[in-house]
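Below is one structure, written out as structure tokens; comments come after it.
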């Protein structure tokens, strides 16, 4: 076990190859559009709104379609069913998400310039935690909005949770919720990091490490 741990540590300390560094730096640059493109998109369709209402969730703001008018209309509809107004002040995530993305970008650039395989692993783990916590926070906020309805509202509906992903009927509205451009850029970011990891892990001329085998006859 000790030998295998030392072998794994030695491999993770391996400096990135030139090809890996290029991929990691490109990955950092891919994060730039995530500051300007929406992370998520929600669409609301009903007979009285045949063209639908659109809500775009950016890392730093909520923006309605039709020049922002759709968000106003969505909040008017929410008022009738007793749901709280959708406003940026109620989404604390919009204050720290851009900071986290910026930090990940800086760490990725540093890994591209000075890093080893271990630095890529660190970034990937940070991103997995960030993505998981962000999705949970998004679900929690939607659940809170849909379950805490004003009982004095003009239109009474059963408490509900708007979909984080996919489709759901809410009253007379079909609600669709899907990732938008910035989320796909994060996926590309992750693939580039994995590509950078791969090219150094399988560096030509070096024996691949099998952590389940030892040098003593291949027995565990």
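Just so it is clear, none of the values below were taken in a lab; they were calculated from the coordinates. For clarity, every value in this text was computed on a predicted model and none was experimentally measured. Quick reminder, even Gly has a Cβ in these numbers, built from the backbone with ideal geometry, and neighbours come from all protein chains shown.
Some notes on this structure:
- Sorting 154-167, 175-188 by average packing, meaning the other beta carbons within 10 Å per residue, from highest down gives 175-188, 154-167.
- Two-site label geometry, residue 187 and residue 17: point separation in nm, points 7 Å out along Cα→Cβ: 2.7
- Judged by the mean number of other Cβ atoms found within 10 Å, the most tightly packed of the peptides 68-79, 131-142 leads the ranking 68-79, 131-142.
- Neighbour-count order for 9, 17, 200, fewest beta carbons within 10 angstrom listed first: 9, 17, 200
- Share of pairwise Cα separations in the stretch 76-171, more than 24 Å, in percent: 43
- Placing a label point 7 Å from the Cα of residue 96 along the Cα-to-Cβ direction, the residues of the stretch 133-155 with a backbone N closer than 12 Å are 133-134, 137.
- Under the simplified labelling scheme, the residue 156-residue 51 pair shows an inter-label distance of 3.6 nm, with each label point 7 Å from Cα along Cα→Cβ.
- Between residue 69 and residue 180, the C-beta separation translates, for a Förster distance of 22 Å, into a calculated FRET efficiency of about 0.70.
- Order of 32, 123 under a 10 Å beta carbon neighbour criterion, fewest first: 32, 123
- Computed lengthening from residue 148 to residue 4, 0.36 nm per intervening residue step minus Cα-Cα distance: 46.5 nm
- Share of Cα-Cα pairs in the stretch 24-201 lying beyond 23 Å, as whole percent: 46
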